[in-house]
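One structure is given here, and the rest of the page talks about it.
The values are calculated or read from the model by the stated rules, or taken from the named source; none is laboratory data. All values derive from a computational prediction rather than experimental measurement. Here Cβ is always computed from backbone atoms with ideal geometry, including for glycine, and neighbour counts include all displayed protein chains. Heads up: the accessible areas ignore ligands, DNA and RNA and are worked out on the full protein's heavy atoms, side chains in. Shrake-Rupley method; radii C 1.70, N 1.55, O 1.52, S 1.80 Å.
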Amino acid sequence: MSLKDILSPFTAWKHVVKDPVTIKDPFTREAAERYRGFHKNDIETCIGCGTCEDICQNAAIDMVPVDGIETRDGDSGLRPMVDYGRCCWCALCVDVCTTNSLSLSNHYNWIDEDPDQFRYIPGVDKKEWDTNEKGWKKPEGNYELYDINRVKMEEQAPESRDDSFIEIVKGYSKEQALLEADRCVACGICTATCPAHMGIPEYIKAIRNDDLEEGLRILYDTNPLPEICGRICTHKCETVCSIGHKGDPISIRWLKRYIADQHPSDQYKEILGTRDIELNGKTVAIVGSGPSGLSAAYYLALLGYKCTIYEKLPEAGGMMRYGIPEYRLPYDQIDKDVNYILSLGVEIKTNTNIGTDITLEELQEQYDAVFAGTGLHMGRSTRVPGTDHQEVYQAVDLLRDVVLGKEIPVKENIVVIGGGNVAMDITRTLARLQKVKFGKVSIIATSLESEDIMPADREEVVEAREENATIIPGWGPTKIETEGEHLKGLHVVKCTSVFDEEGRFNPKFDEEQIDYFKGEMVVESIGQGMDISYFKGDIKENLKLDNRGRIIVNENFQSSIDWLFVGGDIIQGPDVIHGIANGHKAAIGIDKFLGEG
Amino acid sequence: MKSLLNNIKSRFSIKDVTEQRSNLVFIDVARESAVPLITYLRDYEGMTHLVLLTAADWIEENEFQLTYLLNNPEQKFDIGVRVRISREKATMETAHHLWEQVATYQRELKEMFGIDFPGSPGVDKPFILEGWDDLPPYRRDFDTKKYSEDTYFPRPGRESNDPAEYMKKKMYPNEK
């Protein structure tokens, strides 16, 4: 042993007076800026879509109800609760979060003797790191686990469509549909908002699996008009889509159309298993062949009822055929959906008017129950001076006449009053007819509502302008200028607000600001009313209405007259998907009423 | 870097070169060229330091990708040598004779991906998983969630709700 070996251990003594390299108090040491520590959640932004729970590979997250957070359209009312006995701080939950509400603080140390403390609801159970700005957030920019941009739909260009009624939207190819379906996180938030509560994540999953027969079965579970809805549904589902919070919502409507478009109608019975339906011997009369009547007929037919539809007009479809222009919904697609329903043994008597050709009492005698879904076909008038002039028309009447093949008295300059989808439909229809007749478009549509609150779908306004129609929102009509049999134009005044503080319709005007739109023809499109003059005598006496004149029905759409069920636009909506949902519920209600359900 | 690339292009069959940054290049080579290429880079091009050896599972193409990341400490740049091997028969020539620590990386890859490196010292010894009897967990067909659900019991009192089902219960309980 050398002297060095004996002395060297003593050299360690020099460290006694040095500062230690370890940290005396590690509990106050801050972690790195982007360290992945305990969760934070902005519960006002969170919608409880549960995508965090779904992606967690450790099953560390539960979706739980929270006091004070209501379940409503677009928000499940649930919030994520994290179990730190399982969390591995990978932050996949943060990276997939559809609203960017979830993040991780850089707080990492926490001591408690009670293990249950390590399960908590971030953002609800207050923690000291809730205000900690550091930690892990979803990176800004193009970092997403799904594509936030929807697959673009190919459409006819304005110049190739503005003089014809050719369908504008071309529909997705298989490749496009698969890409679009792949964006869906299958949270199911949309299902509650769809009036028919369609199995939306399920049919999108069927597209991903390329099992389109299963897709069609899921569609028909809740909606017997998928070609129609796949084109013109008001797609309220898309307004609550979780992906829509930070990107484009999933094209739910176009994906539905994709499924329906893939199957020729002669395969439907095979796919849907409806080749042999046993009749139960009971009969139901259906008044009106719009969405609610067709839906009721379809679901009743599946249950074995013999249904007969009575339709006033020459063909089935109601507003879908006689209100919606062909460039949005081609007639052959209406026929495809309708003909399949008729193929199940549903009979239709067209050109038959209830009240004149056959009365409601007669239907009651001949059938076990009656469903009435006669819709809103009477245009409402603004009743400003001049509306009784012969060159003032109702939008719904003109749209119907176009389908019936009647000559439309198209003028060189036209003014449309209204800002809803019907107003856009008639504006774009007349613009096409002007283009054909005069080689140019000169049509103004004006609405009380300002641009941001126009009730029409945004794309309708955009496309109308692409087709050279002029949309001037925010004006109220005061008078139609006429000169004998000629109409000269429309006087308007600036509308400053449409609804009062309670949200009631109560327009206010600035009388100082006026304008004048020249035109030889005015079309009113400010809403439609119902024509229920076919309810007569005892039926009229016994039919209960509420204080605003609407027919009272129960949850099965049964009126105060037990054999009479009522649905569609005259009860709820107005739109196709509410009608479909009503008809379905009424079918279940009729089945209960007739003792079969 | 340019002359280096020319040198190796004339000696090895290179599939592709990706210049990621001025100081980082990825070179894709066929399996039989991989170990000879990194030997050459170490011995003749100053890439004396092995930064890491890692793998990725390209399950759709039924292949694993190995990446040997080498560093030139003098000139301060990196080269990643990438090689695809079959997923079905996942074996690769060992490179532990070039750097001793490669054996540790290869032992890790054996355990986490199931890629074998015959002849690599201790390659079959457990690395960190201790008694693992399932699919190698870094393979993409390993279902992590199912494994955690099957292996670990949930803490008592845990309960979750499906958002769509919960919304139905709250918003339209009487509908079908």
**Request:** Go through A:D95, A:D5 for me and flag whichever is free of Cβ contacts under 8 Å to residues at least 60 places away in the same chain, more than 14 Å from chain B (Cβ to nearest Cβ) and either over 19 Å from B:S148 (Cβ atoms) or touching a Ser or Thr at 6+ places or on another chain (Cβ under 9 Å) (or both).
**Result:** A:D5
**Message:** Step by step: first the residues of region A:234-263, then only those that are at pLDDT below 95 and within 26 Å of A:Y322 (Cβ to Cβ), then the one that is surrounded by the most Cβ atoms within 10 Å (Cβ to Cβ). Which residue is that?
**Reply:** A:H235
**Request:** Restricting attention to region A:285-299, report how many residues are touching a Cys at 6+ places or on another chain (Cβ under 7 Å) and over 14 Å from A:L342 (Cα atoms).
**Result:** 0
**Request:** Sort out for me the strands (runs of 3 or more DSSP E) sitting completely within region A:421-510 that have 3 or more residues that are buried (at least 18 other Cβ atoms within 10 Å of the Cβ) and of a type in the set (K, R).
**Result:** none
**Request:** Filter region B:118-140 down to residues that are over 20 Å from A:C88 (Cβ atoms) and charged (D, E, K, R) and give me whichever is nearest to the other protein chains (Cβ to nearest Cβ).
**Result:** B:D133
**Prompt:** Mind checking which pairs have a first residue in region A:119-136 that is of a type in the set (K, R) and a second that is outside any loop (DSSP other than H, G, I, E, B), Cβ under 6 Å, 6 or more apart or different chains?
**Reply:** A:R119/A:D83
**Asked** Taking region A:114-134, which residues are among the polar types (S, T, N, Q) and surrounded by fewer than 17 Cβ atoms within 10 Å (Cβ to Cβ)?
**Response** A:Q117, A:T131
**Request:** Report, by residue number, each residue of region A:169-209 that is within 15 Å of A:C241 (Cα to Cα) and aliphatic (A, V, I, L, M).
**Result:** A:A181, A:V185, A:A186, A:I189, A:A192, A:M198, A:I200, A:I204
**Test: residue in region B:128-149 that is open to solvent by 80 Å² or more (accessible area, probe 1.4 Å) and assigned to a helix (DSSP H, G or I)** = yes
**Out of A:D25, A:D75, A:D42, sole residue that is charged (D, E, K, R), within 32 Å of the chain's Cα centre (by Cα) and away from chain B (no Cβ under 14 Å)** = A:D42
**Request:** Taking A:T11 as the residue in question, decide whether it is among the β-branched types (V, I, T) and surrounded by fewer than 18 Cβ atoms within 10 Å (Cβ to Cβ).
**Result:** yes
**Message:** Taking the conditions exactly as written (at negative phi, surrounded by fewer than 20 Cβ atoms within 10 Å (Cβ to Cβ) and in the same structural domain as A:H584 (by TED's automatic domain parsing)), does A:E361 satisfy them or not?
**Reply:** yes
**Asked** Taking region A:159-217 as the search range and keeping residues that are more than 13 Å from chain B (Cβ to nearest Cβ), of a type in the set (S, T, Y) and surrounded by 23 or more Cβ atoms within 10 Å (Cβ to Cβ), which one is farthest from the chain's Cα centre (by Cα)?
**Response** A:Y172
**Asked** Taking region A:248-285 on its own, how many of its residues are more than 30 Å from A:K349 (Cβ to Cβ) and part of a loop (DSSP other than H, G, I, E, B)?
**Response** 5
**Prompt:** Taking interchain pairs and intrachain pairs at least six residues apart, which have beta carbon atoms under 6 angstrom, with the first residue in region A:151-162 and closer than 9 Å to A:E466 by Cβ and the second modelled with pLDDT of 90 or more and open to solvent by 40 Å² or more (accessible area, probe 1.4 Å)?
**Reply:** A:P158/A:E466; A:D162/A:K435
**Request:** Among residues belonging to region A:538-597 that are among the small types (G, A, S) and assigned to a loop (DSSP other than H, G, I, E, B), point out the one that is surrounded by the most Cβ atoms within 10 Å (Cβ to Cβ).
**Result:** A:G567
**Message:** Can you say whether A:D337 is outside any loop (DSSP other than H, G, I, E, B) and either open to solvent by 20 Å² or more (accessible area, probe 1.4 Å) or outside the structural domain of A:A587 (by TED's automatic domain parsing) (or both), as far as the supplied structure shows?
**Reply:** no
**Prompt:** Could you say whether any residue in region A:277-290 is in contact (Cβ under 8 Å) with a residue 24 or more places away in the chain, hydroxyl-bearing (S, T, Y) and within 29 Å of A:G379 (Cα to Cα)?
**Reply:** yes
**Asked** Do you know which residues across region B:144-176 are more than 30 Å from A:G589 (Cβ to Cβ) and at the interface with another protein chain (Cβ under 9 Å from one of its Cβ atoms)?
**Response** B:T144, B:K145, B:Y147, B:S148, B:E149, B:Y152, B:P154, B:R155, B:G157, B:R158, B:E159, B:S160
